[in-house]
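J.: Mind looking over this structure? Questions follow.
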Amino acid sequence: MSKIEKIVLSYSGGLDTAIILKWLQETYGCAVVTFTADLGQGEELEPARAKAEMSGIKDIRIVDLREEFVRDFVFPMLRANALYEGQYLLGSSIARPLIAKHLVGIAREVGADAVAHGATGKGNDQLRFELAVNALDPSIKVIAPWRQWNIRSRMQLLEYAEKHRIPVPSDKCGEAPFSIDANLLHTSTEGKILENPAEVAPNHVYQRTVDPVNAPDTPEIITIGFERGDPVSVNGKSMTPAALLTELNGLGGRHGIGRLDLVENRFIGMKSRGIYETPGGTILLAAHRGIESITLDRAAAHLKDEIMPRYAELIYNGFWFAPEREMLQALIDHSQAFVSGEVTLRLYKGSASVISRTSPCSLYSADLVTFEESAIAYDHHDAEGFIRLNGLRLRSWAARNSR
Ligand code: ARG
């Protein structure tokens, strides 16, 4: 093992990173700086400071990254309508490059030669952290304790905690907690009973959305304003990115919007089952598609939809800071120049449905599409020729088939 002088640890203060902190101190005997990102996970962050202090940490960083997270990571991704495997809104995937960016920034500032994270050797998150660090500063080493130590299971982790008098939290039912990752965009829950995809997820898994069955019986109508592809207001009230997403999380959570029970394909090779809750993000995706429906040209919209799975996969696999992601982002951002206006949605028992849209940049022409008589010059005979030529090869093909 090469000599390491100083490490910046991505530290939530939860069980795993508390153990990792102890292990780093024991294994490397060097200074550790803890970095705790406030991504709107809805947890008190001061306990993380207290725990780090108790472990003898001198340099403790707790940074509010909520606005940067939503403005520079969530919203750019939303412009693409990104969904991994058709369903997952990438709530964990998009947070990792931001955390990595700040780990690298702090490492440079304090002259650390390594950063450390608490992602396991089986998941996607290790890739997202480490590929981002590689892309941002190849001189910084990455320490991944889960791949280095001889703790091989959560059971052994709990034993280590006991041995070192690290308190072990329990869930609402007094059991060892699920593996949870939360931020302003989503809450993801994995592990324990959820590892069997045949088992129905118990109710207490859900943290920030009500069961749609118990959601209010009266629908709620909301209007979201967009400017150049980004949401800027709710019900006419301008909001910062983080405030807007927080507001929509409240509304969506109350109406049971954004629950997803998914079996997905991890980059590393295995399938995994997780429960996601993305209330605000689910509303925003519907709203963004709504405003795009009247402001994007057909070919532009279809091209966006073609590249979307590729873009989503890049984010899922950890290639946020990669040239191809930046190239796709440039294309997506360019498409958003006229994606401005307002979308009204109905929130009701788990669904967010667009019910109206308006835009000063609309391409929609009622005059053109109307079933009634129209002033716009549209020659119906053009359609006849259009169909005849499009049908040309089909007539040849059908004639050949019946020979
Ligand atoms: N499977 C999700 C992803 O790869 C979430 C990973 C983190 N979630 C967790 N509960 N540990 O993005």
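The values are calculated or read from the model by the stated rules, or taken from the named source; none is laboratory data. Everything quoted here is computed from the prediction, not taken from an experiment. FYI the Cβ positions are ideal-geometry reconstructions off the backbone, even for glycines, and counts take in every protein chain you see. Please note that ligands, DNA and RNA were not included when accessible areas were found on the heavy atoms of the full protein model with its side chains. Shrake-Rupley method; radii C 1.70, N 1.55, O 1.52, S 1.80 Å.
J.: Looking for something within 16 Å of the ligand (Cβ to nearest atom), in a helix (DSSP H, G or I) and surrounded by 18 or more Cβ atoms within 10 Å (Cβ to Cβ) - is there at least one such residue anywhere in region 45-62?
T.: So far as region 45-62 goes, no, none of its residues is within 16 Å of the ligand (Cβ to nearest atom), in a helix (DSSP H, G or I) and surrounded by 18 or more Cβ atoms within 10 Å (Cβ to Cβ).
J.: Go through region 326-336 and give me each residue that's under 22 Å from Leu136 (Cα atoms) and either open to solvent by less than 20 Å² (accessible area, probe 1.4 Å) or of a type in the set (Ser, Thr, Tyr) (or both).
T.: Correct list: Gln329 only.
J.: I've got another one for you. Just the residues that are out of contact with any Leu (no Cβ under 6 Å at 6 or more places or on another chain) and either under 18 Å from Ala95 (Cβ atoms) or more than 11 Å from the ligand (Cβ to nearest atom) (or both), please, taken from region 182-191.
T.: Passing the criteria: Ala182, Leu185, His186, Thr187, Ser188, Thr189, Glu190.
J.: On to the next question. Inspect region 127-140 for any residue being open to solvent by less than 10 Å² (accessible area, probe 1.4 Å), touching a strand residue (DSSP E or B) at 6+ places or on another chain (Cβ under 9 Å), of a type outside the set (Val, Ile, Thr) and on the phi < 0 side of the Ramachandran plot and give the result as yes or no.
T.: No, every residue in region 127-140 fails to be open to solvent by less than 10 Å² (accessible area, probe 1.4 Å), touching a strand residue (DSSP E or B) at 6+ places or on another chain (Cβ under 9 Å), of a type outside the set (Val, Ile, Thr) and on the phi < 0 side of the Ramachandran plot.
J.: Now, a different point. If you check Tyr206 against the conditions, is it buried (at least 21 other Cβ atoms within 10 Å of the Cβ) and among the aromatic types (Phe, Trp, Tyr)?
T.: no
J.: Also, I was wondering about something else. Got a sec? Which of Ser153, Ser170, Ser179 is open to solvent by 30 Å² or more (accessible area, probe 1.4 Å), of a type in the set (Gly, Ala, Ser), at pLDDT below 95 and within 12 Å of the ligand (Cβ to nearest atom)?
T.: Checking each option against the conditions leaves just Ser179.
J.: From the list Gly236, Gly225, pick out the single residue that is open to solvent by 40 Å² or more (accessible area, probe 1.4 Å), of a type outside the set (A, V, I, L, M, F, W, C), closer than 15 Å to Leu345 by Cβ and away from the ligand (no atom under 16 Å from the Cβ).
T.: Within the list Gly236, Gly225, the selection yields Gly236.
J.: I would also like to ask the following. If I filter region 87-101 down to residues being among the hydrophobic types (A, V, I, L, M, F, W, C) and assigned to a helix (DSSP H, G or I), which single residue comes out as nearest to the ligand (Cβ to nearest atom)?
T.: Ala95
J.: With surrounded by fewer than 14 Cβ atoms within 10 Å (Cβ to Cβ) and within 30 Å of Val210 (Cα to Cα) as the only criterion, which of Ser402, Ser356, Ser351, Ser374 stands out?
T.: Exactly one residue qualifies, and that residue is Ser356.
J.: Quick test for you: out of Leu9, Leu24, pick the one residue that is part of a helix (DSSP H, G or I) and modelled with pLDDT of 95 or more. Let's see the steps before the verdict.
T.: On the way: Leu9 fails: part of a helix (DSSP H, G or I).
On inspection, the qualifying residue turns out to be Leu24.
J.: Return a yes/no flag: does region 292-310 have any residue that is open to solvent by less than 10 Å² (accessible area, probe 1.4 Å) and of a type in the set (A, V, I, L, M).
T.: No, region 292-310 contains no residue that is open to solvent by less than 10 Å² (accessible area, probe 1.4 Å) and of a type in the set (A, V, I, L, M).
J.: Another one. For region 241-260, does any single residue satisfy the condition of being within 30 Å of Ser170 (Cα to Cα), within 16 Å of the ligand (Cβ to nearest atom), in a strand (DSSP E or B) and touching a residue at least 40 places away in the same chain (Cβ under 8 Å)?
T.: Yes, there is a match, as at least one residue in region 241-260 is within 30 Å of Ser170 (Cα to Cα), within 16 Å of the ligand (Cβ to nearest atom), in a strand (DSSP E or B) and touching a residue at least 40 places away in the same chain (Cβ under 8 Å).
J.: Could you tell me which residue of region 261-286 is farthest from the ligand (Cβ to nearest atom), considering only residues that are surrounded by fewer than 21 Cβ atoms within 10 Å (Cβ to Cβ) and either under 14 Å from the mean Cα position of the chain (by Cα) or under 16 Å from Gln41 (Cα atoms) (or both)?
T.: The qualifying residue farthest from the ligand (Cβ to nearest atom) is Leu285.
J.: Is one or more of the residues making up region 66-82 touching a Phe, Trp or Tyr at 6+ places or on another chain (Cβ under 7 Å) and either modelled with pLDDT under 95 or not small (Gly, Ala, Ser) (or both)?
T.: Checked against the condition, which is being touching a Phe, Trp or Tyr at 6+ places or on another chain (Cβ under 7 Å) and either modelled with pLDDT under 95 or not small (Gly, Ala, Ser) (or both), region 66-82 yields no hits at all.
J.: Taking region 85-123 only, how many residues are within 30 Å of Glu306 (Cβ to Cβ), out of contact with any Ser or Thr (no Cβ under 7 Å at 6 or more places or on another chain) and either of a type in the set (Gly, Ala, Ser) or open to solvent by 10 Å² or more (accessible area, probe 1.4 Å) (or both)?
T.: Residues that pass the stated criteria total 9.
J.: Here's a follow-up. Of all residues in region 119-145, which are more than 13 Å from the ligand (Cβ to nearest atom), under 26 Å from Glu264 (Cα atoms) and of a type in the set (D, E, K, R)?
T.: Glu130
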